[in-house]
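Student: Encoded as structure tokens, here's the structure I'll be asking about.
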Amino acid sequence: MSAKTEKDDKLSALLQGADDYIEKPFDIDLLIAKIGSLYRRHYDETAKNAVIDFGKLEIDTKGRNVRLCGNILTLTAKEYDLLLLLAQNRGKALRKEYIFNNVWGCDSFSEPSTLTVHIKWLREKIEDDPKKPKRILTVWGVGYKFEADYGQI
């Protein structure tokens, strides 16, 4: 929202990542309609992606359920959040600090080593052989990444 009305100002804001540009003074009905449009677009996109399907492994983001070979797994809240974060960033090596801050929060009183323990517990639940993981991989010197593109998934 800005009092600037020149084309270059609007263009600059949009090129820098703004979703929209509203000039002051603005009409409240128009503002409410634009907010509603953004909300519907986000809600519709979220509804479409309610289940992340990796073949044998499915993550239901609305029900916070995880299924492996059709069976619902019993995960703790942190295990679920951890798996979801990794799965949503499939194929990307995520730093341990990034994972910890996103799952536990940067002001958490937990020790960062708790991440390693939760990864171990999660591997025990979703890997065919937890000692030779194929879904949650360790990226030495960095952290972890989620892979789902291997033969049997």
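Throughout, read-outs are computed from the coordinates displayed, never taken from laboratory work. These numbers were taken from a predicted model, which means no experiment stands behind them. Backbone-built Cβ (ideal geometry, glycine too); neighbour counts: all protein chains shown.
Student: Would you mind calculating the relative contact order of the chain from Cα pairs under 8 angstrom and at least 6 residues apart, reporting the percent as a whole number?
Tutor: Reported as a whole number, the value is 17 percent.
Student: A follow-up question, please. Quote the charge dipole size of the chain about the Cα centre in Debye, to the nearest 20; the model charges only the Cβ of Lys and Arg (+1) and of Asp and Glu (-1). Write out the running numbers ahead of the final one.
Tutor: Working: 25 positive and 24 negative charges, 121 e Å.
Here the size comes out at about 580 debye.
Student: While we're looking at this one, here's another question. So if we plug the beta-carbon distance of Leu14 and Ile35 into 1/(1 + (r/R0)^6) with R0 = 25 Å, what FRET efficiency do we get, rounded to 0.05? Provide the component values of the computation, followed by the final result.
Tutor: Values: r = 17 Å, r/R0 = 0.70.
Efficiency computed from Cβ-Cβ geometry: 0.90.
Student: Starting with the fewest neighbours, write out Trp104, Trp121 ranked by other beta-carbon atoms found within 10 Å of each beta-carbon.
Tutor: If I rank by nearby Cβ atoms, fewest first, I get Trp121, Trp104.
Student: Just want the ordering: Ile28, Ile72, Ile59, from fewest to most Cβ atoms lying within 10 Å of their own Cβ.
Tutor: Taking fewest neighbouring Cβ atoms as first place, the list is Ile28, Ile72, Ile59.
Student: Given the options Ser12, Gly143, Leu38, identify the residue whose Cα lies farthest towards the positive end of the charge dipole of the chain (+1 on Cβ of Lys, Arg; -1 on Cβ of Asp, Glu).
Tutor: Projecting each Cα onto the dipole axis, the largest value belongs to Gly143.
Student: Averaged over every viewing direction, what's the projected area of the C-alpha convex hull for the chain? Give it in nm², one decimal, please.
Tutor: 12.9
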